[in-house]
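A short worksheet on the structure shown next.
Nothing in this text is a laboratory measurement; each read-out follows from the coordinates by a stated rule. Every value quoted in this text rests on a predicted model; they were computed, and no experiment measured them. Positions of Cβ are backbone-derived with ideal geometry, glycine not excepted, and every protein chain shown enters the neighbour counts.
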Ligand SMILES: [Mn+2]
């Protein structure tokens, strides 16, 4: 069987949602069927999927994690998108649907499940690269005790791209840090919800699957594997 993976979308203008096709291509290359979840769906949309990808995009409104604005780029905030993704994450967690958070997506997982964010990085390493998207510009060190270490084929370090000015400050209760950059920023985290692994990465593996950089496709294959388990266990509605 081929698992179906739902992907959240960016609110790019009033009444206009979009998603870069590299996400859909990566899901397809990894053996899944990508379906798009626009910013008006209810939690019932999860009846149709075996896995969920929280995609990249603008900042979360800091009110969701109870902080004043300390460098959040308010012009990139969509509270409609924030609310849709938080609803989907809570419900996916309840059902045990495996999740992969990418860039904003790791932050979505953190904000929704009780973690916090650094609202504006002051880091010596450039986490906002000007190099082309498929090009890795910094390394991350993987915790050998992590699920991510297994997913990546036992790699201790990988080279990743970097397009973020925020990062996870505190991971949610029950989650663990699975990778950090040289400057100590959280670049990946993981948690087991409802018996299923979910993962967040701060980089953009969907932009690196074509070149094979950083074992990027393995991250999507890891999601497809857990989504397949979810499906064959007959857990989808
Ligand atoms: Mn980075």
Rounded, prolate or oblate, given the Cα gyration tensor of region 76-131, with a/c below 1.5 counting as rounded?
prolate
Roughly speaking, what is the stretch gain from residue 156 to residue 64, that is 0.36 nm per residue apart minus the C-alpha to C-alpha distance, in nm to one decimal?
29.7 nm
Distance cut-off 23 Å, percentage of C-alpha pairs in region 1-120 lying past it:
26 percent
For 229, 103, which order do you get if you count the other beta carbons within 10 Å of each Cβ and list the fewest first?
229, 103
Contour minus Cα-Cα distance for residue 176 and residue 90 (0.36 nm per residue)
29.2 nm
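For a Förster distance of 45 Å, can you work out the FRET efficiency between the beta-carbons of residue 36 and residue 128, rounded to the nearest 0.05? Walk me through the numbers before you get to the answer.
Working: r = 27 Å, r/R0 = 0.60.
For residue 36 and residue 128, the calculated efficiency is 0.95.
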Distance from region 149-169 to region 23-45 (C-alpha centre basis), Å
22 Å
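Answer rounded, prolate or oblate for region 148-237, using the Cα gyration tensor with square roots of eigenvalues a ≥ b ≥ c: rounded when a/c is under 1.5, else prolate when a/b is larger than b/c, else oblate. Don't jump to the answer; show the numbers that get you there.
Working: a/c = 2.09, a/b = 1.33, b/c = 1.57.
Verdict is oblate for region 148-237.
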Calculated FRET efficiency for the pair residue 145/residue 13, C-beta based, R₀ 35 Å, to 0.05:
0.20
Rounded, prolate or oblate for region 43-198? Axes are the square roots of the Cα gyration tensor eigenvalues, ordered a ≥ b ≥ c, and the cut-off for rounded is a/c under 1.5.
oblate
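May I ask you to sort 220, 149 by Cβ crowding, counting other Cβ atoms within 10 Å and putting the fewest first? Provide the component values of the computation, followed by the final result.
Working: 220 27, 149 17.
Ranked by crowding around the Cβ, least crowded first: 149, 220.
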Relative contact order %, the chain, counting alpha carbon pairs below 8 Å whose residues are six or more apart:
23 percent
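Cut-off is 10 Å between beta-carbons; in what order do 215, 181 appear when sorted fewest neighbours first?
215, 181
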